[in-house]
């Protein structure tokens, strides 16, 4: 597996990963409005790194650079628990240092994932999707 910068040739595969992952993860939300086209729209203007295995995109992380903010981190269901998310996060941290993100309170699996990788909860807020934690990772130094 390799971590590489985004190339449009992976757009279709990443759209599938994004749709499938959100549909299976966010079971408490109405997923009927999720579309394949959401990937392009939801990552516009962000830096995207992707995990590629056998020339197939199996996950991605997108960063809003002005704030070193992790906007998205998704891995295909067949590759969950195999270190893909950790590798993407480690690469992003090596590029940006201190990172922050929002994680839905209801998504306890993701909250635990981030906490085990050095993120801590800084605040709790609510938006149209529900309650979320604002989480921050300490830099490597």
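Each reported figure results from applying straightforward, stated rules to the coordinates on display, with no laboratory input. These numbers were taken from a predicted model, which means no experiment stands behind them. With ideal geometry, Cβ positions are generated from the backbone for all residues, glycine too; neighbour counts draw on all protein chains shown.
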Check whether at least one residue in the range 2-11 is within 23 Å of residue 106 (Cβ to Cβ) and either assigned to a helix (DSSP H, G or I) or out of contact with any strand residue (DSSP E or B) (no Cβ under 6 Å at 6 or more places or on another chain) (or both), and report yes or no. no
For residue 123, all conditions in the list (1) loosely packed, with under 13 Cβ neighbours inside 10 Å; (2) in contact with a strand residue (DSSP E or B) (Cβ under 7 Å, 6 or more places away or on another chain); (3) more than 22 Å from residue 24 (Cα to Cα); (4) in contact (Cβ under 8 Å) with a residue 12 or more places away in the chain hold save one; what is the number of the exception? (4)
